[in-house]
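Trainee: My questions all concern the structure below.
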Amino acid sequence: MLVISILFHYHWWTDKVKEMESFYKDLGFQVVLRLGKLNGEMQAFHPPLEWEDFGEKEIAFRIIEMRKGKTNLTFGHGKRDMFDHLGLLVNVAEYKAILKRVALLGWRVSEGERRTFISTPWKFRIELQTRKEVIQEEEEMIIQSMQIQAPFKESPVHLAKLLNIEVIKETRNEVIIGNRDWNLVFTRQDNVRLETITFKGSSPLFITDPMNTTLM
């Protein structure tokens, strides 16, 4: 199978944005963007600004973006911890092919200039990204696998058809889909949660982030 996509990204809503930034910074991730609302106005608080520069300002961060190698992480202020979406970096041909396939599934699509989102039946979204600058090609930290808890009212095998990847395993309580470079492991649960992320190209981590996601 021709591999033309990279599993590169995940996004959270949380009330622990400062803790998330500090945790991933200790792992070597770099902050590349901060956007937040201060006094009712959306403003940029990008580096070299640090949290110490914000003082006692009550900033509601809409998005903080961090990168290391081929991994891109974003998170923003939310009332509770919620896994929002995962992201795939694809070329233009595969992007167009995925949009044709999603039309057959009848899932909602939101196209934008910078990214496109596909809403899935499992209450998380898939981001399609074609801009290579969202990752750092010169470094090797690559997402190899994501384990996601989700209800199985609709089988996750539909995602394999959508993304042009293989069904590696399918049982009543577990579905694994992927290609030779990355995979998604779904386990049957009532609520959606990003449980585990496995990386390649870096030393084993075996650590849990503030969202209680295990990094390996």
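Trainee: The chain: D in µm²/s via Stokes-Einstein (Kirkwood Rh, Cα pairs, 25 °C, 0.890 mPa s)?
Mentor: Approximately 136 µm²/s, per Stokes-Einstein.
Trainee: When the helix-only estimate is applied to the chain (DSSP H runs of n ≥ 4, each -39,500 (n - 2.57), divided by the residue count), what is the mean residue ellipticity at 222 nm, nearest 500 deg cm²/dmol?
Mentor: Result for the chain, helices only: -4500 deg cm²/dmol.
Trainee: Given the Cα-Cα distance of residue 136 and residue 25 and 0.36 nm per residue of separation, how much length would full extension add, in nm?
Mentor: 38.4 nm
Trainee: Under a point-charge model restricted to the Cβ atoms of Lys and Arg (+1) and Asp and Glu (-1), what is the dipole moment magnitude of the chain relative to its Cα centre, in debye to the nearest 20?
Mentor: 900 debye
Trainee: Follow-up. Across the range 96-110, in residue order, what do the Karplus-derived ³J(HN,Hα) couplings come to in whole Hz, using 6.51 cos²θ - 1.76 cosθ + 1.60 with θ = phi - 60° and x for Gly and Pro?
Mentor: Per residue, the Karplus-derived 3J(HN,Hα) values read 5, 5, 5, 5, 5, 6, 5, 4, 5, 7, x, 7, 6, 10, 10 Hz.
Trainee: For the range 49-64, take each phi angle, set θ = phi - 60°, evaluate the Karplus expression 6.51 cos²θ - 1.76 cosθ + 1.60, and give the result in whole Hz per residue in order, putting x for glycine and proline.
Mentor: Each residue of the range 49-64 in turn: 4, 10, 4, 5, 6, 7, x, 9, 5, 8, 9, 8, 6, 6, 7, 10 Hz.
Trainee: Between 151, 126, 83, whose Cα lies farthest towards the positive end of the dipole of the range 5-215 when Lys and Arg beta carbons carry +1 and Asp and Glu beta carbons carry -1, centred on the Cα centre?
Mentor: Checked the options; the winner is 151.
Trainee: If one takes the longest principal axis of the Cα atoms in the chain, at what angle in degrees, from 0 to 90 and to the nearest 10, does the Cα axis of helix 17-26 lie?
Mentor: Helix 17-26 and the main axis of the chain meet at about 80 degrees.
Trainee: Around residue 12, which amide H atoms from residues at least 5 apart in sequence, or from another chain, sit under 5 Å from its own amide H, with H modelled in the peptide plane?
Mentor: Distant-sequence amide H within range of residue 12: 74, 75, 76, 84.
Trainee: Another question about this same structure. Within the range 187-208, list the residues whose amide N lies under 16 Å from a label point set 7 Å along Cα→Cβ of residue 172.
Mentor: 187-190
Trainee: Going by amide H atoms built from the backbone, whose H comes under 5 Å of the H on residue 61, apart from near neighbours?
Mentor: Placed amide hydrogens put 37, 77 under 5 Å from residue 61.
Trainee: Which residues does the label zone of residue 189 cover in the range 9-26, counting backbone N under 12 Å from a point 7 Å along Cα→Cβ?
Mentor: Once the point is set 7 Å along Cα→Cβ of residue 189, nothing inside the range 9-26 turns out to lie under 12 Å by backbone N.
Trainee: Averaging sequence separations of C-alpha pairs under 8 Å and six or more residues apart, then dividing by the length of the range 5-215, give the relative contact order as a whole percent.
Mentor: 20 percent.
Taken together, the values in this text are just the output of simple stated rules run on the coordinates, not laboratory data. Since this is a predicted model, take the numbers as computed values, not measurements. Glycine gets a Cβ as well: all are built from the backbone with ideal geometry, and neighbour counts include every protein chain shown.
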